[in-house]
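Since the structure comes first, as C-alpha cells, the remarks are kept for the end.
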Amino acid sequence: MLAHNVSAEVRRAISRGEFAPGQKLNEVALAERFGVSRNTLREAFAMLTAEGLCERIPNRGVFLATPTPEFVTDTFRARAAIEPAALLWGPDLDVDRLDELNKEARVAIEEEDDDLLIAVNQAFHHVVLAAMGSKTLGDTMDQLDAFLRLATLPILERDPAFNRRFIEVNEHIVELVQSGDRQAASDYLQVQLMEQAEAIIEMIEKINNGAV
C-alpha cells in the first residue's frame with residue numbers, strides 16, 4: 001500500500017509538470033522527499049513502469065517516458081472511451097462546477113497564468129469523470145493526466161499558451177449539457193479529444209524535426 005501511495009504521488013508530480021519527458025528519476029532524492037525506503041520507491045517505480053510512465057534501463061536507472069505519436073494516440077483513445085461515457089450516462093454530473101471551472105479558466109487566461117489554466121482544465125475533466133462515481137475511473141484519470149502532461153511539456157516549453165485553445169471546447173460542452181443534450185455533449189467531446197491528439201502529435205513531430 002505504501003508503494004501504491006508513492007506511485008500516486010509521483011504521478012501527481014508528473015501531472016503538475018515537475019518532471020520532464022525522458023528525465024532520470026533520482027532514487028535518493030525521491031526516497032527522501034516521500035520519506036520512504038529505496039526499496040519502497042523501487043516498488044513504486046515498478047508500478048509506474050508497468051503503466052508505461054517510466055522505463056528502467058539496466059545499469060542506468062529509471063527514466064520517464066518520452067512522448068511518441070503512439071503514446072499520445074493511446075492516451076487520447078483511453079480518454080475518448082471514458083469521458084464521453086461519463087457525460088452521457090454519469091448520474092452525478094456537476095454542471096454548476098463545470099461552469100465555475102470554465103470561469104476560472106477565463107480568469108487564468110486573462111492573467112496569462114497558464115499553469116493555473118492547466119490545473120483548472122485537469123479539474124474540469126476530473127469533474128466530468130466523477131459523474132460516474134467510480135474510484136477506479138478516477139485513478140485511471142490520474143494516470144492519463146500524467147501521460148498527457150508528459151506529452152505536452154515539450155510543446156508548452158515552446159508555446160506556453162498552447163492549452164488556451166481548449167477552453168472553448170469546455171465551454172461548449174457545458175452549453176450543450178445545460179441545454180439538456182448530453183448526447184450531443186458526449187459526441188462533441190469524443191471528436192474533440194481525438195482532434196486534440198492530432199494537434200499534439202503534429203506539434204511533437206514539428207519539434208522532433210526542428211521545425212518549432
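Read the figures in this text as sums done on the coordinates, not as results from a lab. All values derive from a computational prediction rather than experimental measurement. Cβ sites come from the backbone with ideal geometry, for glycine too, and all protein chains shown count toward neighbours.
Summary of computed values
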item: Nearest-0.05 FRET efficiency for ILE207 and ARG33, computed from C-beta distance (R0 22 Å); result: 0.15
item: Relative contact order (%) - criterion: Cα under 8 Å, at least six apart; region: the chain; result: 27 percent
item: Extension gain from ARG77 to ASP115, taking 0.36 nm per residue of separation minus the Cα-Cα distance; result: 11.2 nm
item: Estimated D of the chain in µm² per second, where Rh is the Kirkwood radius over Cα pairs and Stokes-Einstein applies at 20 °C, 1.002 mPa s; result: 119 µm²/s
item: For the chain, built as a Gaussian network whose Cα springs stay under 10 Å, the top-fluctuating residue of THR75, THR49, THR136; result: THR136
item: Residues ARG106 and ASP187, FRET efficiency given R0 of 22 Å [Cβ-Cβ distance, rounded to 0.05]; result: 0.35
item: Assigned charges on the beta-carbon of Lys, Arg, Asp, Glu; the chain dipole about Cα centre (debye); result: 980 debye
item: Partners for LYS135 among aspartates and glutamates (Cα-Cα distance below 17 Å; same-chain residues under 8 apart left out); result: GLU9, GLU83, ASP92, ASP94, ASP145
item: Sum of -39500 (n - 2.57) over DSSP H runs of 4+, divided by residues of the chain (222 nm, nearest 500); result: -24000 deg cm²/dmol
item: Candidate lysines for bridging to LYS24, where Cα separation is under 28 Å - those fewer than 8 sequence places away on the same chain excluded; result: LYS206
item: Candidate aspartates and glutamates - alpha carbon under 12 Å from LYS103, same-chain residues fewer than 8 apart omitted; result: GLU168, GLU171
item: Percent RCO, i.e. relative contact order, over the stretch 3-64, from Cα pairs under 8 Å lying at least 6 residues apart; result: 39 percent
item: Ordering of 36-47, 122-133 by packing [mean C-beta count within 10 Å, highest first]; result: 122-133, 36-47
